[in-house]
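These notes are about the structure you will find just below.
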Amino acid sequence: MSVLHDILNDVVADRAALTADPVLNLTTGLSFTAEIEGNLDPFSLPAHLELDKRAKVRLHVLDDGEAAGISLTDVVRFKLYGKSATFIIVDRMADPASPQTKFIACQKVDGKDS
C-alpha cells in the first residue's frame, strides 16, 4: 500500500505545481501555497458550517510545514476568480490518508468578523 501512497503523493505534488496559488496569512505575515477549491458542495461541509451564509472555500495545502503554521481564526488573502478576497480559517482536516491538509475558510465580512 505504501507504493500507492507514494504514487499518489507524486501525482498531487506534480499537479500542485500547476494549480496551486500563493496565499498570504494576514495574521502571521507568512505566505503559503494552496490549491483553492471554490463553490463547495454544502453536503461536504461540517455540520457547524451549514447555516453560515458566507462564501466558503477549501484550501488544499501540500506542504506539512506550511500547514502547521495555519491556525483557526487566521485571516488569509488570495486571488479568487481574478479578484483579491479575504477569508477566515474556520476548520482544519488533516487526514493521514491524504497528502494534503485541508482548511475551510469563510469570506470575511467587514465589521462583522473579528
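The values are calculated or read from the model by the stated rules, or taken from the named source; none is laboratory data. None of these values were measured; they are calculated from a predicted model. These accessible areas exclude ligands, DNA and RNA; they are computed on the full protein's heavy atoms, side chains included. Shrake-Rupley method; radii C 1.70, N 1.55, O 1.52, S 1.80 Å.
Counting only alpha carbon atoms, the long axis of helix 2-19 and the longest principal axis of the chain meet at about 50°. With all protein chains in place and ligands, DNA and RNA left out, the 1.4 Å accessible area ranks ARG58, ARG92 as ARG92, ARG58, largest first. Here the chain is described by how far its Cα atoms reach on the three principal axes: 49, 30, 25 Å, from widest to narrowest.
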